[in-house]
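Trainee: This is the structure I have questions about; it appears just below.
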Amino acid sequence: MEVRLLAFTKLADSSLIIPGETECDSLVMRAIAQCYQTKPSPRALRTCLLEGHHSVFEHLSFTFAVSDISRTCLAQLTRHRLASYTVESQRYNDYTKKPYRYIVPETIAQDKMSHKMFLKQIEQAKQVYDQLRKRNVPAQDARFVLSEATGVNLTFTMNARELMHVFDLRLSSFAQWEIRNLFYEVLKIVKPLAPRVFAPYPKK
């Protein structure tokens, strides 16, 4: 898995950056100041965090490029609907012509027999896919035989408020390991950019 930041909300004028604060935190502080007709301050931001006035965090958005998560992880990710997703197409990408990637869970990889069975199943599915494509079955239909382990690339955008919601759910020990790892990577990226906004979330 690889997670890269593509973009984040910038202030139109660098003079709007509050001295001693990051650009992202400054944006949120200025939104709060407009709301309450006060001067921008870290204290006001903390108050909004504590009192649940979270609409002010929606003005700050981040866009990420993600490589090689499983279709299983993708299904969980896209349950978070206050976001924009552009996902690698299995309809238009032909895996007889492009590399076929898959994700192996650690619990399977660490057991020799389980790993062997897993790889056998992956290979069988890929062989059937290849045979279907040779018989002129469209890629959009041949993909039905592929595993949930199939690797996928995507781009997604979320605002800070939705990221907080996702962190609350997906950084939990109850979350599935892959999506938890994904959002730990996201947190490592966004926290230095907006340390006050994401103060409640410690790095792994």
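The values are calculated or read from the model by the stated rules, or taken from the named source; none is laboratory data. Keep in mind that this is a model prediction, so the values were computed, not measured. Glycine gets a Cβ as well: all are built from the backbone with ideal geometry, and neighbour counts include every protein chain shown.
Trainee: In segment 77-91, how many are touching a helix residue (DSSP H, G or I) at 6+ places or on another chain (Cβ under 8 Å) and surrounded by fewer than 19 Cβ atoms within 10 Å (Cβ to Cβ)?
Mentor: Step one: list which residues in segment 77-91 are touching a helix residue (DSSP H, G or I) at 6+ places or on another chain (Cβ under 8 Å), which gives 77, 80, 82-83, 85, 87, 90-91.
Pick out the ones that are also surrounded by fewer than 19 Cβ atoms within 10 Å (Cβ to Cβ) and you get 80, 82-83, 85, 87, 90-91.
Total satisfying the criteria: 7.
Trainee: If you take the residues of segment 175-204 that are of a type in the set (D, E, K, R) and at pLDDT below 95, which of them is surrounded by the fewest Cβ atoms within 10 Å (Cβ to Cβ)? Talk me through it step by step, then tell me what you get.
Mentor: Keep residues of segment 175-204 that are of a type in the set (D, E, K, R), which gives 178, 180, 185, 188, 191, 196, 203-204.
Those still in the list that are at pLDDT below 95 too: 203-204.
Values: 203: 9, 204: 11.
It comes out as 203.
Trainee: Given (1) in contact (Cβ under 8 Å) with a residue 40 or more places away in the chain; (2) surrounded by 13 or more Cβ atoms within 10 Å (Cβ to Cβ), where does residue 108 come up short, assuming only one miss?
Mentor: Evaluating residue 108 over (1) in contact (Cβ under 8 Å) with a residue 40 or more places away in the chain; (2) surrounded by 13 or more Cβ atoms within 10 Å (Cβ to Cβ) leaves (1) as the failure.
Trainee: Can you tell me how many residues within segment 136-174 are in contact with a helix residue (DSSP H, G or I) (Cβ under 9 Å, 6 or more places away or on another chain), exposed (fewer than 15 other Cβ atoms within 10 Å of the Cβ), charged (D, E, K, R) and farther than 17 Å from residue 69 by Cα?
Mentor: The number of residues fulfilling the criteria is 1.
Trainee: Taking helices (runs of 4 or more DSSP H) that fall entirely within segment 1-112, which contain at least 1 residues that are under 20 Å from residue 167 (Cβ atoms) and outside the structural domain of residue 181 (by TED's automatic domain parsing)? Walk me through it before giving the result.
Mentor: Details: elements: 23-36, 42-51, 71-77, 106-109.
So the answer is 71-77.
Trainee: Moving on. Would you mind stating whether residue 122 is within 30 Å of residue 189 (Cβ to Cβ), assigned to a helix (DSSP H, G or I) and not acidic (Asp, Glu)?
Mentor: Judged against the criteria, residue 122 is not a match.
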